[in-house]
1. Region A:254-287 to region A:308-323: how many Å between their Cα centroids?
2. Taking +1 at the Cβ of each Lys and Arg and -1 at the Cβ of each Asp and Glu, which of A:Y368, A:I244, A:V36 sits farthest along the dipole of chain A towards its positive end, judged by Cα position relative to the Cα centre?
3. If each of B:E110 and A:Q57 carries a label point 7 Å out from its Cα toward its Cβ, how far apart are those two points in nm?
4. Please identify the trypsin sites (Lys or Arg not before Pro) of region A:72-119 that satisfy two criteria: DSSP loop assignment and at most 11 other Cβ atoms within 10 Å. Which are they?
5. Order by neighbour count: B:V79, A:V375, A:V301, A:V128, fewest other Cβ atoms within 10 Å first, most last.
6. Given 25 °C and 0.890 mPa s, how large is the Stokes-Einstein diffusion coefficient of the protein assembly as shown in µm²/s, with Rh as the Kirkwood radius over Cα pairs?
7. Quick one: putting +1 on the C-beta of Lys and Arg, -1 on the C-beta of Asp and Glu, what dipole do you get for chain B around its Cα centre, in Debye to the nearest 20?
8. Would you grab the residues whose amide H sits under 5 Å from the one on A:A266? Only those 5+ places off in sequence or on another chain, please, with H modelled 1.01 Å from N.
Amino acid sequence: MIDPYLRILLYIIIVLAVIITLLLLVIVINRYLVSVNKAKFTAKKQEWEGLYLNYLQGDLNLIEIAGLMKDKKRYYWLWRFFSPYLDMLDGSDFDKTKVLCREISLIGHYKQKLEHGKLSEKATAARVLGALRCKESVTGMISLLDSKHQLLVQSASLGLAKSGKSETFFSAARALLDNTYFTYEGATEILSAYGESVAPLMVRFLEGEIEILNGETKDESLEKKKKPFELKTVDPSAYNSVMIDLLGFFKYREALPTLQGLMKEADPETIVHILKAFLSIGEMPANIDLKPYLEHRYWVVRNFSARAWRLTGDRKAIPILEKLLQDQSWWVRFNSAEALSEAGESGLEILRIKAEGPEESAAAISSYVLRRRGVEL
Amino acid sequence: MTEKQIILVAEDDPGLNRLISFKLQKEGYQVISALDGKEALNAALNENVSAITLDIMMPFLDGIQVLKKVRPVKPDLPVIVLTVKSRENDLHQALELGANAYMTKPFQPEQLIEKLKQVLGSI
């Protein structure tokens, strides 16, 4: 007789072995199917590519190629095939591709999915129709911006951005910030697909913001302009910050005066975004006074001001940078020392003196930066 | 018989690479394709190329790094850089490094060919 405990143990071992074997089998089969599918798609892609290039060159006409490419079972593959071309092409080649996508019913299929598809189908449809710049689907995409599903909001925003409809920018920005958990960086990444054409719109919006900060808000058109920004969940400064980041991303020099105007009354977080934008643009307004920011109570503002100092090279700020070598934040000390190291011989002399001086933090950071620069003490 | 000019197409998207190459071949150029920065650098330095169309965003070595390494060796080689609209800021750096011209995606391949003819001095 087998001990009953031993028997239970044996059963458990057998059951576990079966489960593990089944799991392994599922993984192996799944990998096999994925690789088979991938190989089929690659073969199909190569076949389509030859046809497509000949079509663009005029060696095949629309009816001929549509007859060869139309594949009702493989709309998703067709989309994956066309996707890089749609992102990269413009002019007559783009137009010919769009006509072909309409002819093989790719557009019709995804229009239907945008309205009646499942969640993931709607998301794909928004991306496809956006990439194909289907203006007639913009309303459908906008309606997805208020969805409670992040995937739909993200896809609709991206679709709208690619559709080339700049006027939808504010709605997409609002939706990304209000209806999703995207960080500033995530929202900025998606909204950057609108391209630089939205930069003047953002500048106009931020100028309205300055008027509000200055108490000059009684302009009705301005109130109307700000209507898409009725807030739900996030701090109002989040909108400003995303736009400031985008202006920096586009290196939009024309925004410099607006950013300077906004900086005077902005909260510390917004000031940091503005300083970062100056760094991205690689320029600062010539008449800017960095002193209040180098002496700001918030260390991140002091840090980015020290970094941005090199854009102006303002000699009047050198005594403040010298003082910041004793700042409580290592980053502020480091960037101040870096700035001084770029301030010519007088800056280097300050660092040499500090490196030998009695103030411990200043001495340590000065020696460190001088060594990094290969300067002898 | 005049020899065909060799154009290096450095573009990591295989579809777009083949499309540009196809159009250039139809225009009578010989094409060398590179799908990443390392391949591009190798071809640019070791092949007798007449011009490069250089995508900025590429794996292993980006277009900027390729340009940095090619320029000291081949200062007169015409280079057209390509980048997406949202990364136009990279273009300033590329032009400072000695790129002869640029195009932002999306673009018309015909415009690229036009630009190529200009930098090659054939129009």
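Readers should treat all values here as calculations from the given coordinates under stated rules, not as data from a laboratory. All values reported here derive from a predicted model rather than from experimental measurement. Reconstructed Cβ throughout: ideal geometry from the backbone, glycine too, with neighbour counts over all protein chains shown.
1. Computed from Cα coordinates, the inter-centre distance equals 17 Å.
2. A:V36
3. Once both label points are built, they end up 1.7 nm from each other.
4. Here the sparse-neighbourhood loop sites are A:K118.
5. A:V375, A:V301, B:V79, A:V128
6. Answer, rounded: 91 µm²/s.
7. 120 debye
8. For A:A266, no residues qualify.
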